[in-house]
1. Inverting the mean 1/r over all pairs of different Cα atoms, compute the Kirkwood radius of the protein assembly as shown and quote it in Å.
2. Applying 1/(1 + (r/R0)^6) with R0 = 60 Å to the Cβ-Cβ distance of B:Glu55 and A:Lys293, what FRET efficiency is obtained, to the nearest 0.05?
3. Using packing as a proxy for protection, rank B:292-302, A:69-79 so that the peptide with the highest average count of other Cβ atoms within 10 Å comes first.
4. Output the relative contact order of the stretch A:234-311, whole-number percent, from Cα pairs under 8 angstrom with separation of 6+ residues.
5. Under a cut-off of 19 Å between alpha-carbon atoms, report the lysines in cross-link reach of A:Lys21, not counting same-chain residues fewer than 8 places apart.
6. Mind listing the label-point distances from B:Glu277 to the same position on all other copies, shortest first, one decimal in nm, points 7 Å along Cα→Cβ?
7. Please report the accessible area of B:Met276 (heavy atoms, 1.4 Å probe, ligands and nucleic acids excluded) in Å², nearest 10.
8. With θ set to phi - 60°, apply the Karplus curve 6.51 cos²θ - 1.76 cosθ + 1.60 along the stretch B:107-123 and write out the HN-Hα couplings as whole Hz, x wherever there is a Gly or Pro.
Number of protein chains: 2
Amino acid sequence: MNIFNVNCQGIWYGGWGTDEKTVISVLGHRNATQRKLIREAYQELFHEDLVKRLEHELSGDFERAVYRWNLDPADRNAVLANVALRKESRDYRVIIELSCTLSPEELYAVKCAYQCRYKRSLEEDIASHTSSDLRNASSSILLLLVGLVSIHRYQGNEVDLKLGKSECKILRKAIEEKLYNHEDIIRIVTTRSKSQLMATLNSYKDEHGCNITKHLKDDSGNAYTETLRTTIRCISDPTKYFEKVVRNAIKKGGTNEDALTRVIVTRAEKDLKVIMEQYYKRNSVPLDQAVAKETSGHYKRFLLTLLGKEG
Amino acid sequence: MNIFNVNCQGIWYGGWGTDEKTVISVLGHRNATQRKLIREAYQELFHEDLVKRLEHELSGDFERAVYRWNLDPADRNAVLANVALRKESRDYRVIIELSCTLSPEELYAVKCAYQCRYKRSLEEDIASHTSSDLRNASSSILLLLVGLVSIHRYQGNEVDLKLGKSECKILRKAIEEKLYNHEDIIRIVTTRSKSQLMATLNSYKDEHGCNITKHLKDDSGNAYTETLRTTIRCISDPTKYFEKVVRNAIKKGGTNEDALTRVIVTRAEKDLKVIMEQYYKRNSVPLDQAVAKETSGHYKRFLLTLLGKEG
C-alpha cells in the first residue's frame, strides 16, 4: 500500500462531519500532483469520487475552499470562471486574473477544461452573456475580456522602445480625448507581449509623471475603465494586485470569503509567499494573523494550513 | 543507412539546377513525417538545412511550392500567414482558411510556430497592421479576423436549436438594417461552435429561403462584408470553398500561382482528393488536366505529383 492509499484511509477513517482536521492536515499539505494521486487512489479503493464526497460531507466556506483546492489547477480555474460568469453581477476579476497571470499553455489548458465541463467555450460564455449589467455597461468590456482570454500573447522579452513610445502617444491621446474605449487601447493591452506593454507603460510614466492607471481612475465609476484599470494592474504587478484583492477581502466590513479563498487557493502553489511578504510590507500585520482574525473554524484552519502557518 | 538517408543521397546526387525531377519524385511522394525525417537526415549527412538549400537552388513558383511543401504544416501555415499580412494589399483568405479549417490544436501550433519565427504573435500582427487599405476598410475586419484566429472554438456536436433560432433572428435583423458589422454578427461567427453556427445558418436558410451569404452579397464591394462572406463560406463547406479558390486561381486570365500552390500544398495531406472530386463535379474537367493546361515546367510536374497524377 503506497503513501496515497494510506492518505485515503486517513481521510476515510477520519469520519465525515466529525474529523475535518484529518481532511485539512492530509490534503492541505499535498501539492497538485499528490492531490491528484490521492483522488485516484480514493476512487480505486472506495469506488467514489473524493471531490464529490467532500462536497457532500463538508459545508459552507470550508467546503468551497476544499473543493477548489482539490481540483486540478486548470479545472479549478474553469470552475472559478464559470461561477463568476453565472453571478448576476459578474465578477470580471476572475477572468482578468486567469488571462493575465497564467502562461499561454496554462490558459489553453483552462479553456480545454472549461469546454470539457460546460460543453461551450469560455470565450463564448463571456461574449454571449446578455443578462445583468453587462450589455448596458459597455460592449467594450466584452471586447477587452474576450481579447484577454483568447489572444495567445507572445512571451518573449524582446522590446521595441520606439514602438513603445509611439503606442504610449496613442494611449495618451485616447485618454486626453476621454475615448477610454478606443479600439487602440484594447488592441495594445490585449495583443502586445507583456514586455512590450511594460515598455509602453513605462514610457507613459516617464512622459506624464504618473501611471496610466491613475489617469484611468479619473473616469472611475465607469465599469469599462474600471475593468481596464484592473487589467493593467494585474498585468503590471500581479503580486501587488493580489495583495490588494486579499486586503480588500479581509478589511471591508464583512469578509469576502470568495475572494479570500480564491487568492489563497490559486496562488498557494505559485507566489503566495511573495504575496504574504507584500501584504506584511503594506499592512504591517502578517497575512496569517489577519486571516485568523477574520475567519473561524475549519475554514480558518484550512486557510492557515495553505498559508503554511498551521497543521 | 536508412531509407531517409538514401532519399537524401538521391536529392544530393541529383545535381542542383539540372535534375529537379529527383527533388519532385522524392519529396513529392513523402508525407509530413517522412519529409521531416528527410530534412533531419539531410542535416546530419551534409550539415546544412535542406529547406534553405532548395530555396537557394530552385527558383520562381517551383521554388515557392517546394519550400512550402517541405515545411512542417504548422510552420508552413505561419509562413503563409506572415507573407499574406506583409502584402501591400493583404490577403485575408489565408487567415480565414487557417482559423476556420484547422482544429484548435493545429491552430495553437500555428500560433506557436508564428511566435517562434517572428517574435510576435499572429494576433498582434493582424491587429496592428496600419498600412495599406486596412484601417480604411473597417476596424470590423480586424475584430473579425483577430476573433477567428484567437478564439478557441468548442468542437462538440451539441446543438441548441432554440439558441440557433434566436441568433438567426439577430443576424437577420442586423442584415435588414444593413448593420453588417454589428457586434453580434462577429460574436456569433467567431465564438459559437461550428455545429451551433451551422444550426443558426440552417435556420436562416429555412426562414428566408436562401443562404445568409447571398444576402451579404447584396452589399458586395464592402471589404468587411466580403471578408465575412468568405468566412462563412469557408466554415460552412471548406471543400466547396477551396474548389472555388482553385477555380478562380486557374481560370481568371493569368493564373494566380500563389493561391493555386497554397490550396494544393496545404490540402494535399488533408482533403485534396475530395476537392478534386468537387472540382470535376463543378467544371466537368479533372483538376489535374486544368492545372496541366495552365502551368508549365517543374512547377507543373510538382503540382501534378501532389495531385497524385504524375511522377
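1. Values: mean 1/r = 0.0363 Å⁻¹.
The answer is 27.5 Å.
2. The calculated FRET efficiency here is 0.30.
3. Ranked from most to least packed, the peptides come out as A:69-79, B:292-302.
4. In percent, rounded to a whole number, it is 28.
5. Output for A:Lys21: A:Lys52, A:Lys300, A:Lys309.
6. Distances to the matching label points in the other copies: 6.4 nm.
7. 30 Å²
8. Rounded to whole hertz, the list is 5, 4, 5, 5, 5, 5, 4, 4, 5, 5, 6, 10, 6, 8, 8, 4, 4.
The values are calculated or read from the model by the stated rules, or taken from the named source; none is laboratory data. Here the structure is a predicted model, which means the values were calculated and not measured. Neighbour counts are summed over all protein chains in view; Cβ atoms, including those assigned to glycine, are modelled from backbone coordinates with ideal geometry. Just so you know, the surface numbers come from the protein's heavy atoms only, side chains and all, with ligands and any DNA or RNA stripped out. Shrake-Rupley method; radii C 1.70, N 1.55, O 1.52, S 1.80 Å.
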